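Colleague: Here it is, the structure, as structure tokens.
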Amino acid sequence: MDLTHLDWPFFDPVHRTLAERAVRFDCGALLREGDIDRRCRSLVRTLGESGLLRYCVPEAHGGALLALDSRALCVVREALAYRDGLADFAFAMQGLGSGAITLAGTDSQRASWLPRIACGEAIAAFALSEPEAGSDAAALSTSALRDRDGWVLNGCKTWISNGGIADFYCVFARTGTDAGSRGISAFLVPADAPGLAIAERIELIAPHPIARMELRGCRVSTDALLGTEGDGFKLAMQTLDIFRASVGAAALGFARRALDESIAHARTRRMFGATLADRELTQATLGDMASAIDAAALLVYRAAWMRDARDARGVRTTREAAMAKLTATESGQRVIDAAVQLHGGLGVTKGSTVERLYREIRALRIYEGASEIQRLIIGRDVLQRAAQAESPP
Ligand code: COS
């Protein structure tokens, strides 16, 4: 994989070294052995052994760097996605599922789970979406009622990645009577908590473990509350602010692979007495693909760099993360579509690399906030800035 973008000023030497390591991560055999659950568990374990999962948690709890570093997450996701979507998924979900613990967990919650996440011993999941609350996350209706010795959760969560194989779920539930984003809290729910059941496994066009789960009188202890009661919605959004840029990085990895496959194909495929690469039409297509990739990479790494630089000062980078995810996933889809077109019949043949990429990129425009939500976030921000410029505080 081309790593020349790591010369851009967004990066420190540690990111270049990390990218070289991530590119070398070999998951070949793991991707073929057993069903999807087994493959995913093996990938998590092997990613743990390789040390890459240490970039999903901070140093104090088994991580590689002092704090959760957005650029490191993006660099690893891009390299893994270049190789395989399931490897990227296994890495990303360890970070997303444990992100709220890193951001708001108590010392004891962090000590219980983060070191195990970092070595691949435990699998994490993020449980926000519900059948009637996907894009409108604040409409969630799962409830958590306090009782004498803990909390009792009731409700349904769906599209939960790692559902069925996770060791714990970061569950968002309503603890107050306030409607909307107020009154939502986060809970750390172990997979074996009484009352938690996987109700349905969901099959995707690019398979990974994902499920609908039910919480019926699911009892957890008092110390399962994650962060401050009532601040769960903000915690979910803060977690997504970090991981949305990294979804853009995964899209970049897929798009780079599509470009490389297209270049190799164009240089060898002969047509009308020349190679495809000799044709100006092909050259223009490759030019469009390469430009789209660089544009997306600039936005992804700007967002990651800004979060790393500004987080300590408490400055939000929601807009930048939204721009990165929106642009990289949407343009990634177009780049891969162009790759399929260049490959002709081979592009739609089951088992070809570009056919796999075509399936793998699609969900990225939907999960962790669909493109429409990212456009909404950016649009609202633009209007808010305009209003502030008119009447400064
Ligand atoms: N960081 C911290 N706080 C945030 C925040 C962020 N990134 N985004 C919003 N908030 C806060 C707001 O400041 C506001 O706080 P106050 O009530 O104190 O003013 C509160 O949260 C509500 O914010 P807002 O009014 O913007 O919420 P909305 O209900 O309008 O929802 C969207 C905003 C649509 C952006 C949100 O629901 C969303 O991101 N939806 C997509 C969900 C998603 O990604 N689902 C996939 C799950 S993982 S696969």
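Rule-based calculations on the coordinates, nothing more; no lab input. Note that the structure is predicted; figures quoted are calculated from it, not measured. No Cβ is skipped: glycine too gets one built from the backbone with ideal geometry, and neighbour counts run over all protein chains shown.
Colleague: What is the magnitude of the charge dipole of the chain about its Cα centre, with +1 placed on the Cβ of each Lys and Arg, -1 on the Cβ of each Asp and Glu, and no other charges, expressed in debye to the nearest 20?
Modeller: 300
Colleague: When the helices in the chain are scored as -39500 (n - 2.57) per DSSP H run of 4 or longer and the sum is shared across all residues, what 222 nm value do you end up with, to the nearest 500 deg cm²/dmol?
Modeller: Estimated from H runs of four or more residues: -17000 deg cm²/dmol.
Colleague: Spelling out what I want: for every residue of the range 201-211, take phi, set θ = phi - 60°, compute 6.51 cos²θ - 1.76 cosθ + 1.60 (Karplus), and round to whole Hz; glycine and proline get x.
Modeller: Here the 3J(HN,Hα) series is 8, 10, 9, 10, 5, 10, x, 8, x, 7, 8 Hz.
Colleague: What angle, in degrees between 0 and 90 and rounded to the nearest 10, separates the Cα long axis of helix 232-268 from the longest principal axis of the Cα atoms of the chain?
Modeller: 20
Colleague: Against the longest principal axis of the chain, how steep is helix 318-343, in degrees 0 to 90 to the nearest 10, with axes from Cα atoms?
Modeller: With rounding to tens, the tilt is 40 degrees.
Colleague: Output the direction-averaged projected area (hull surface divided by four) of the convex hull of the alpha-carbon atoms of the chain, in nm².
Modeller: If you wrap the Cα atoms of the chain in a convex hull and average its projections, you get 20.6 nm².
Colleague: Can you tell me what percent of all Cα-Cα pairs in the range 183-320 are more than 22 Å apart?
Modeller: Percentage above 22 Å: 64.
Colleague: Here's something else I'd like to know. Taking Cα pairs under 8 Å and at least six residues apart, what relative contact order does the range 34-137 come out at, in percent?
Modeller: 34
Colleague: For the range 191-199, in order, what is each residue's ³J(HN,Hα) by Karplus, 6.51 cos²θ - 1.76 cosθ + 1.60 with θ = phi - 60°, in whole Hz (x at glycine and Pro)?
Modeller: For the range 191-199, the Karplus curve yields 4, 9, 5, x, x, 9, 9, 7, 8 Hz.
Colleague: With a 10 Å radius around each residue's Cβ, average the other Cβ atoms per peptide and rank 187-199, 314-326, highest first.
Modeller: Highest-to-lowest ranking by the protection proxy: 314-326, 187-199.
Colleague: Let me ask another. Mind ordering 266-274, 131-139 by average Cβ neighbours within 10 Å, highest first?
Modeller: Averaged packing, sorted descending, gives the order 131-139, 266-274.
Colleague: In the range 169-215, with Lys and Arg counted as +1 and Asp and Glu as -1 at Cβ, which of these residues, Phe187, Gly176, Pro209, has the Cα nearest the positive end of the dipole, that is, farthest along it?
Modeller: So the residue furthest toward the plus end is Gly176.
Colleague: In addition: Going by alpha carbons, how many degrees (0 to 90, nearest 10) lie between the helix axis of 13-24 and the longest principal axis of the chain?
Modeller: Relative to the chain, helix 13-24 is tipped by roughly 70 degrees.
Colleague: What aspartates and glutamates does Lys325 reach when the alpha-carbon gap must be under 16 Å and sequence neighbours fewer than 8 apart in one chain are set aside?
Modeller: Answer for Lys325, where 16 Å is the Cα cut-off: Glu78, Asp88, Asp241, Asp294, Glu360, Glu368, Glu372, Asp381, listed by chain and number.
Colleague: Report relative contact order for the chain in percent, whole number only (criteria: Cα-Cα under 8 Å, sequence separation at least 6).
Modeller: 15
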